[in-house]
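Each value in this text was obtained by applying a stated rule to the coordinates, not by laboratory testing. Everything quoted here is computed from the prediction, not taken from an experiment. Note that we place each Cβ from the backbone using ideal geometry, even for glycine, and neighbour counts take in every protein chain shown.
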Amino acid sequence: MPASRLSDVLSPGTVRCVDVECEGEAMIRLKRMGICGERMIEVIQPGDPMVVRVVGSRLGLSRRLAASVVVEQVCDVMTSAKPDAVENE
Amino acid sequence: MSDASPQGAQSEFEPLRAAHQTRIALVGNPNTGKTTLFNRLTGLRAKTANYPGITVDLRRGAMSLDHRRVEVIDLPGTYSLDSISPEEKVAELILTGHHPVEPVPDIVVLVIDATNLERNLFLVSELLDLRLQMVVVLNLIDAAEALDIKIQVAQLSEQLGCPVVPVSSRHGTGIDVLKDRLNELVTGRLPILMTDHSSCTAGCSGCTFSARYDWAAKVSEATVTVPANLDDRTATIDRLVTNPVIGSVTFVAIMLGVFYLIFSLASVPMDLIDGVFATVGGFVDQLIPASNVSVLLWYPLAGMVSILIFFGSYQAAGIQWTKTSVAVSVVVSVLVACMPIDDFRSLVVDGVVAGVGGIVIFLPQICILFFFISVLEDSGYMARAAFVMERLMQRVGLPGKAFVPMLSAHACAIPGIMAARAIENWRDRLVTILVLPLLTCSARLPVYAMITALLFSDSPVMAAVVFVSAYTLGIVAALLSAWCLKKTILKGESVPLVIELPPYRVPGIRNTLTTVMERAALFVRQAGTVILLISVVLWALATYPKMPDEAPLSFEAAERIAALRAAGDGETLAVEIDRVMAQESLAWSFAGRAGKLMEPVFAPLGFDWKINIGVISSFAAREVVVSTLAIVYGIGEDMAEDEASLVEILRRQTRADGGLVFSTATGLSLLVFFVLAMQCLPTQAVTRRETGSWKWAAFQLIYMTVLAWVAAFATYQIGCASGLG
Ligand SMILES: Nc1nc2c(ncn2[C@@H]2O[C@H](COP(=O)(O)OP(=O)(O)O)[C@@H](O)[C@H]2O)c(=O)[nH]1
Ligand SMILES: [Mg+2]
């Protein structure tokens, strides 16, 4: 799957986080909320700021930060090990 | 920091020494119900404490476990031990044992949200690594049950290697079990078990965050069954509330509603307080005898009253009885006791009673404001408000969370500054605090009203234009200043938003009321005593030195008295002469002299020395300028309430050269000055407290005064040039 940025996701759906390319406070803020390596991110509402669902809770996320998150598309819903991250509304 | 070394120093099996009091700390993510649990355990007898440096309040209280007193501390909520905000930093330092004052707690009560176990397990994982004595409280268990979330508690406890107690702090279920567990820990420590947790998080190369979340996912999968469509309700509401268009409209509607309620609900108690203090002032006035009845009785009595007032203020402000503070109170009380009786009366009525009234009058707005802030926060809407405002606020380099403090500041800057604590990033918080007093607070309204009536009494349209312009000027100045500060001395991009949008909940009324009480108490403690002090100091400045009897009257006053005498009219004559004398003695006092001294500074703004006295006296509270102007222009303080006659007389005042004192140019310049100038020492006291240093309070005073002076100067000069002088 081609890698892209979380900010490039324009329609709701689930992606997998590959890498977080920022440092310092911004990185800690993302990672401690669960936006870090290999976690599933469900984009609920794209835009700026966007709404995503990670580790069972909804997060508001500014586009500037989302631009530093490298993600890949999840082609098959079944590949996800996390049941609550893929349920669609 | 996430892999802090184990606290192996303390022997794990040794019972706690009875010598020192056991200290229990409540830790957890924000909004998991720590404070609610704290109130349950300690029964609302909390004290807030803080440490030097940036102010972070910690709630402390005591509870008894099997007749043993233990101390409970409510640590600020945090998502991880990698702290972002100053509040989180305090929690991190205390838990990792790096705090300069506060030692590591003996027992950690980790409060987690049963409706969102997986996320909360991240912090559990970090805390397990600290190897402290720990009990995990599975809070909000009632909410989890209502959502049909099933948790195998025994299994969870086994996986975590520490006791897990399901609790509903709102309803009180499980509290007894929690106390039993705590009691077991206090009397005999449990071994801290090694679980497979440590091997899992420490051994992984690369991202420890990810490793901890992997562990959390594994544990929650093994112990929790979550129904599908868990947050349907929240999702439905959010589809509207976070929508760029509908969300913004909702936001504006809610904020306008709150604001309307603040002003409409507060006006009743404020009028009441105003009335009560006027009555009390009158009562005290009559209570004090007209002349010294008995010297022996009077001196000790006056001294006692003064000592009592000191006692009350020290108590309220939490000032210790040290050598200095005792010396100050004794010396001042002796001085007070030696005062002539008329001065004493004036001190008590105009200084103390008016000062205390000045504190209490703020309380209704502050309480109502914090009530709504607390409700919005606990319901979950506040996070959405920050989300909606994020884009707009980022334009001036501030986070979305700065909006609510800015809105609050339109009622009063003090609660606005206190509400700025919600902003995590310290630099963003500081910028917000620094610009908040530029926003038009309700204390400015009487000043605006006076000036508009003065300039455009016959045109309601013009009056509306002036009010709207004044509000706009404040907002624009605040936003521009924020932008400038972020570009210069507090350089740095604002921290972009990452915010949890918690599920919507019905706020607990008890929790809300506790928050309101705490904030009100904080205000009385921090700003209240400053207001009282300023009020007394300003009274002294306006009273001393006394005009000696043989002092010559000013030409103006002599002329007026002569005119009055000529007109005859017995009863009003005495009153009128009293007014002229009040005017004369104010001119003679320090405040009057300062007003004349300041003439070169304020003349370019079109102010005469009498207006200067008003400007100086308004440092206690802006609205005081109205009553001061009433006195300096010889109208009498009692007439200040009657706006029409005040305005009528002010309008007739002429300068030495025959021009009007309150020309359009001067009026506008005065208006601009009051929009932008700091002119509020109580706010300064709160700025000092929230920023931890006088440095920022001083900076705020200086930059705002310079800004106000320059803007008023420009207004006056342009006004004069265009023929409005
Ligand atoms: N239903 C339910 N609500 C709770 C419980 N504990 C706390 N709350 C609510 O959760 C919100 C946040 O509580 P608070 O104690 O301020 O959380 P803190 O941020 O961790 O201090 C408040 O509205 C509480 O009334 C609980 O056990 N059950
Ligand atoms: Mg709390």
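What to note about this one:
- Taking 20 Å as the straight-line reach from the Cα of B:LYS491, the lysines in range (excluding those fewer than 8 positions away in the same chain) are B:LYS401, B:LYS695.
- With a simple spin-label model that places each label point 7 Å from the Cα along the Cα-to-Cβ direction, the separation between B:ARG593 and B:ARG395 comes to 5.1 nm.
- Coil-residue trypsin sites (Lys or Arg not before Pro) of the stretch B:420-523, DSSP, other Cβ within 10 Å capped at 16: B:LYS491, B:ARG505
- Cα radius of gyration and Dmax for chain B (Å): 30.2, 101
- Chain B, helix-only ellipticity at 222 nm - DSSP H runs n ≥ 4, -39,500 (n - 2.57), divided by all residues, nearest 500: -19000 deg cm²/dmol
- Modelled this way, with points 7 Å down the Cα-to-C-beta line, the labels at B:ASP578 and B:ALA222 are 8.5 nm from one another.
- Cα-centre dipole for the protein assembly as shown with unit charges at Cβ (Lys and Arg positive, Asp and Glu negative), debye to 20: 920 debye
- The calculated Kirkwood hydrodynamic radius for the stretch B:532-721 is 17.8 Å, given to one decimal from all distinct C-alpha pairs.
- Within 10 Å of the Cβ of each residue in B:305-311, the mean number of Cβ atoms contributed by other protein chains is 0.
- In nm, spacing of pseudo-spin labels at B:THR472 and B:ALA316 (7 Å Cα→C-beta vector): 4.0 nm
- Computed from the C-beta positions of A:GLU21 and B:VAL284, the FRET efficiency with R₀ = 60 Å rounds to 0.30.
- Gain on full stretching of the segment that runs from B:ARG565 to B:ASN243 - 0.36 nm per residue minus C-alpha separation: 108.6 nm
- Counting every pair of alpha carbons in the protein assembly as shown, the share spaced more than 39 Å apart comes to 47 percent.
- Exposed GluC sites (Glu not before Pro) absent: longest stretch of chain B, with sites in DSSP loops and at most 13 other Cβ within 10 Å deemed exposed: B:13-492
- Considering only Cα atoms, the convex hull volume of the stretch A:2-65 works out to 77 Å³ per residue.
- Cβ neighbours within 10 Å from other chains - mean over B:236-246: 2
- Counting, for every residue in B:227-235, the Cβ atoms of other protein chains within 10 Å of its Cβ and taking the mean gives 3.
- Under 20 Å of direct C-alpha separation, and excluding same-chain neighbours fewer than eight residues apart, A:LYS31 reaches these lysines: A:LYS82, B:LYS89, B:LYS218.
- Rounded, prolate or oblate (a/c below 1.5 giving rounded, otherwise prolate when a/b exceeds b/c) for the stretch B:268-361 by Cα gyration tensor: oblate
- Pairwise Cα separations in the stretch B:626-725 fall into 5 Å bins from 0 onward with the following percentages, short to long: 2, 13, 15, 16, 16, 15, 11, 7, 4, 1, 0.
- Built amide H within the under 5 Å cut-off of A:VAL18, gap 5+: A:GLU38, A:VAL70, A:VAL71, A:GLU72
- Taken about its Cα centre, chain B carries a charge dipole of roughly 1000 debye when the Cβ of each Lys and Arg holds +1 and the Cβ of each Asp and Glu holds -1.
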